[in-house]
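K.L.:
Take a look at the following structure, please.
The values are calculated or read from the model by the stated rules, or taken from the named source; none is laboratory data. Predicted, not measured: the structure shown is a model, and the values here were computed from it. Here the Cβ is made from the backbone with ideal geometry for all residues, glycine too, and neighbour counts use every protein chain on show.
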Amino acid sequence: APDTAPGTVFLQLDGVGHDLLRAALRERPATRGRARPRPPLMETLAAWEGTTHTLTRWRTDWSSQTGASQLGILHGSNEDVPAFRWYEKDTGELMISNRPTSAAELQRRAAARAGHPGLLAEDGASRGNLFTGGADQLALVLSVAGRRGRHNRSRAGYFAYFSDPANATRTAGSFVAEVCREIGQSTRAKLRRERPRVRRGGLYPFIRAFATVVERDVVVAAVIGDMLAGRGAVYADLVAYDEVAHHSGPYSRDTHQVLRRLDRSITLIAKAARHAPRDYRFVLLSDHGQTPGETFAAQYGLTLEDLVRAGCGLPVPRRAGRTRSGAEARAAARVALHRPEETHEREQAPAGAPPAGPDATATTPGPR
């Protein structure tokens with residue numbers, strides 16, 4: 001019967017690449033003073049691999065980011081999603097994948113192209129995602145976050161979770177601990193002069209704590225509630241690793257702790273499934289991987305915006321103008337645009353050479 005057929009729980013490990021996950025499922029070398037190898041970072045998933053589950057590699061398209069991947073998975077089309085953010089000439093708008101208005105428009109377009117509401121349209125639930133997937137049961141879904149009034153059911157996940165004092169107390173304590181953990185890890189990275197490194201001050205410790213604690217707890221509780229209610233399909237995005245890896249690096253010790261906590265969350269969900277009114281099949285997937293690297297500003301001494309402004313002949317900050325990239329950008333852009341070469345600087349004539357004539361000018365070297 002349809003009501004007793006196995007349901008499906010899709011758990012998206014945001015930003016976890018194939019090689020990273022494979023390493024997290026293997027035993028780690030023994031440390032000093034220990035004779036045996038250490039257990040895998042993700043023990044539950046390590047036990048699943050090769051028994052109930054198979055680890056398979058897949059490749060994203062040109063836009064390797066959550067918006068494009070999740071839109072294709074949940075709505076069957078990611079056409080015209082070239083990047084995380086882009087400018088649309090037709091509408092004159094800047095589209096940003098994690099902006100509620102942009103996410104709502106991308107979802108509308110994908111559903112229209114695919115000809116159906118989405119993967120979760122039949123008795124489904126969408127938890128912590130950018131898009132609804134056509135689900136009626138929503139919590140922390142960005143594409144409907146811009147809605148106002150009682151019709152926005154996405155916020156209901158917060159209220160349902162924090163209405164329980166035990167949940168609120170436990171999550172608040174974990175939130176404070178995560179803020180302190182980020183401050184300590186950031187300070188340690190500075191003292192060790194780890195590279196590459198991005199700024200992690202300001203509000204980031206609180207943003208990280210929200211993603212790795214609050215959102216995780218609310219999403220996990222919502223998924224468990226969906227299974228106990230016997231819903232047919234649930235898709236949940238666990239964003240903790242992606243948030244930390246963007247700032248600490250994909251293979252850092254900071255992310256090891258996040259992977260262990262993700263594994264515990266999956267263990268909790270799997271245990272709760274034993275009490276559900278129907279069987280559930282678990283599908284774990286990722287939307288993209290990550291590669292460590294310097295930011296553009298850290299590598300070249302100026303932002304990409306400054307480089308474009310310099311290439312277009314617009315003023316740039318003094319800091320950017322003093323960098324090699326800032327000095328070369330204008331010349332490179334002029335060559336590409338077939339503009340006349342700049343003539344405001346004169347080359348110094350070699351000793352013994354005749355004076356430069358009126359037509360002799362100095363030129364800025366173009367790209368080599």
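K.L.:
Being part of a helix (DSSP H, G or I) and modelled with pLDDT of 80 or more is the filter here; which residues of segment 298-310 pass it? Before the answer, list the steps.
P.N.:
Of segment 298-310, the ones part of a helix (DSSP H, G or I) are 298-300, 304-310.
Listed by number, the residues that qualify are 304, 305, 306, 307, 308, 309.
K.L.:
Condition first: modelled with pLDDT under 90, in contact with an Asp or Glu (Cβ under 6 Å, 6 or more places away or on another chain) and not in a helix (DSSP H, G or I). Can you find one or more residues in segment 189-196 that meet it?
P.N.:
Quick first cut of segment 189-196, residues modelled with pLDDT under 90 only: 189-196.
Going one step further and asking which of them are in contact with an Asp or Glu (Cβ under 6 Å, 6 or more places away or on another chain), we end up with 196.
Okay, now just the ones that are also not in a helix (DSSP H, G or I), so 196.
Yes: one or more hits.
Results for (1) surrounded by fewer than 17 Cβ atoms within 10 Å (Cβ to Cβ); (2) of a type in the set (S, T, N, Q); (3) in a loop (DSSP other than H, G, I, E, B); (4) not assigned by TED's automatic domain parsing to the domain that holds residue 260, shown as yes or no for each residue.
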site: 30; (1), (2), (3), (4): yes, no, yes, no
site: 56; (1), (2), (3), (4): yes, yes, yes, no
site: 60; (1), (2), (3), (4): yes, yes, yes, no
site: 105; (1), (2), (3), (4): yes, no, no, no
site: 108; (1), (2), (3), (4): yes, no, no, no
site: 113; (1), (2), (3), (4): yes, no, no, no
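K.L.:
Continuing with the same structure: What is the one condition in (1) within 29 Å of residue 83 (Cβ to Cβ); (2) modelled with pLDDT under 90; (3) assigned to a loop (DSSP other than H, G, I, E, B); (4) not acidic (Asp, Glu) that residue 151 does not satisfy?
P.N.:
(1)
So that you can scan it fast, the table gives a plain yes or no per residue for (1) of a type in the set (Phe, Trp, Tyr); (2) crowded, with 22+ Cβ neighbours inside 10 Å:
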position: 203; (1), (2): no, no
position: 223; (1), (2): no, yes
position: 226; (1), (2): no, yes
position: 235; (1), (2): yes, yes
position: 242; (1), (2): no, yes
position: 246; (1), (2): no, no
position: 250; (1), (2): no, no
position: 258; (1), (2): no, yes
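K.L.:
Under 18 Å from the mean Cα position of the chain (by Cα) and in the same structural domain as residue 72 (by TED's automatic domain parsing): which single residue out of 230, 249 fits that description?
P.N.:
Details: 230 fails: under 18 Å from the mean Cα position of the chain (by Cα).
Sole residue among the options that is under 18 Å from the mean Cα position of the chain (by Cα) and in the same structural domain as residue 72 (by TED's automatic domain parsing): 249.
K.L.:
Before we move on, is residue 283 assigned by TED's automatic domain parsing to the domain that holds residue 84, surrounded by fewer than 17 Cβ atoms within 10 Å (Cβ to Cβ), β-branched (Val, Ile, Thr) and farther than 24 Å from residue 55 by Cα? Step through it out loud before you land on a result.
P.N.:
Details: assigned by TED's automatic domain parsing to the domain that holds residue 84: yes; surrounded by fewer than 17 Cβ atoms within 10 Å (Cβ to Cβ): yes; β-branched (Val, Ile, Thr): yes; farther than 24 Å from residue 55 by Cα: no.
For residue 283, the condition - assigned by TED's automatic domain parsing to the domain that holds residue 84, surrounded by fewer than 17 Cβ atoms within 10 Å (Cβ to Cβ), β-branched (Val, Ile, Thr) and farther than 24 Å from residue 55 by Cα - is not met.
K.L.:
Regarding residue 214, is this residue crowded, with 19+ Cβ neighbours inside 10 Å, in the same structural domain as residue 283 (by TED's automatic domain parsing) and at pLDDT 95 or above?
P.N.:
So residue 214 does not fit the description; no.
K.L.:
Within segment 78-87, does at least one residue satisfy the condition of being among the aromatic types (Phe, Trp, Tyr) and either outside any loop (DSSP other than H, G, I, E, B) or modelled with pLDDT of 95 or more (or both)? I'd like the intermediate steps shown before the answer.
P.N.:
The initial filter retains those residues of segment 78-87 that are among the aromatic types (Phe, Trp, Tyr), namely 84, 86-87.
Okay, now just the ones that are also either outside any loop (DSSP other than H, G, I, E, B) or modelled with pLDDT of 95 or more (or both), so 86-87.
Yes - at least one qualifying residue is present in segment 78-87.
K.L.:
Here is a check on your reading of the model: is residue 272 at pLDDT 95 or above, touching a Lys or Arg at 6+ places or on another chain (Cβ under 9 Å) and within 24 Å of residue 163 (Cβ to Cβ)? Walk me through how you get there before you give the answer.
P.N.:
On the way: at pLDDT 95 or above: yes; touching a Lys or Arg at 6+ places or on another chain (Cβ under 9 Å): no; within 24 Å of residue 163 (Cβ to Cβ): yes.
So residue 272 fails the test.
K.L.:
Please enumerate the residues belonging to segment 89-104 that are modelled with pLDDT under 90 and in contact with a Leu (Cβ under 6 Å, 6 or more places away or on another chain).
P.N.:
Correct list: empty.
K.L.:
Go through segment 1-58 and report how many residues are within 22 Å of the chain's Cα centre (by Cα) and among the basic types (Lys, Arg).
P.N.:
The number of residues fulfilling the criteria is 2.
K.L.:
Among (1) in contact with a helix residue (DSSP H, G or I) (Cβ under 6 Å, 6 or more places away or on another chain); (2) aliphatic (A, V, I, L, M); (3) touching a residue at least 60 places away in the same chain (Cβ under 8 Å), where does residue 21 come up short?
P.N.:
Only one criterion is unmet by residue 21, namely (1).
K.L.:
So which residues in segment 38-54 are outside any helix (DSSP H, G or I) and either touching a helix residue (DSSP H, G or I) at 6+ places or on another chain (Cβ under 7 Å) or β-branched (Val, Ile, Thr) (or both), if there are any at all? Full working, then the answer.
P.N.:
Step one: of segment 38-54, the residues outside any helix (DSSP H, G or I) are 38-42, 49-54.
Correct list: 40, 41, 42, 51, 52, 54.
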